[in-house]
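The values are calculated or read from the model by the stated rules, or taken from the named source; none is laboratory data. Just so you know, these numbers come straight off a predicted model, no measurement behind them. Heavy atoms of the whole protein, side chains included, go into the accessibility calculation; ligands, DNA and RNA do not. Shrake-Rupley method; radii C 1.70, N 1.55, O 1.52, S 1.80 Å.
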Amino acid sequence: MSDENSVICSAKGCRDAAVWVLAWNNPKIHTPERRKTWLACDGHREHLSQFLGVRGFLKDVVLLEQWERQEG
């Protein structure tokens with residue numbers, strides 16, 4: 001379980017700490033460089049990646065720690 005200060009997984013109903021960032025965009029409504037993000041725990045990374053990938057939205061999957069360093 002996660003504590004109130006941790007970042008939680010974006011999967012519906014999941015309250016586990018996020019470990020992964022799934023960067024995506026919908027090319028029908030976003031410019032190519034735009035990145036939206038979903039967060040995922042280890043248990044939901046594959047499921048959320050497949051959901052976005054099937055739609056052609058998934059652009060990158062990186063560790064949350066790495067994403068924060070890139071953005072900071």
**Q.** Amide H within-cut-off set for Ile8, under 5 Å, with H built and near neighbours excluded
**A.** Ala18
Q: Taking only protein heavy atoms into account and a 1.4 Å probe, give the accessible area per residue of the chain in Å².
A: 71
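Remind me, relative contact order of the chain in percent, using alpha carbon pairs under 8 angstrom and six or more residues apart? Don't skip to the answer; put the middle values down first.
Working: 111 pairs, mean separation 23.9, N = 72.
Computed value for the chain: 33 percent relative contact order.
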Q: Please give the helix 45-54 orientation as an angle from the longest Cα principal axis of the chain, in degrees from 0 to 90, rounded to the nearest 10.
A: 10
Q | Cα centroid separation - region 51-70 against region 36-50, whole Å | A | 8
Q: With only alpha-carbon atoms counted, please give the Rg and Dmax of region 23-69, in Å.
A: 10.9, 30
Q: Could you state how much accessible area Glu33 has, in square angstrom rounded to the nearest 10, with a 1.4 Å probe and all protein chains kept in place?
A: 130
Q | Helix-only CD estimate at 222 nm, as mean residue ellipticity for the chain, using -39500 (n - 2.57) per DSSP H run (n ≥ 4) | A | -7000 deg cm²/dmol
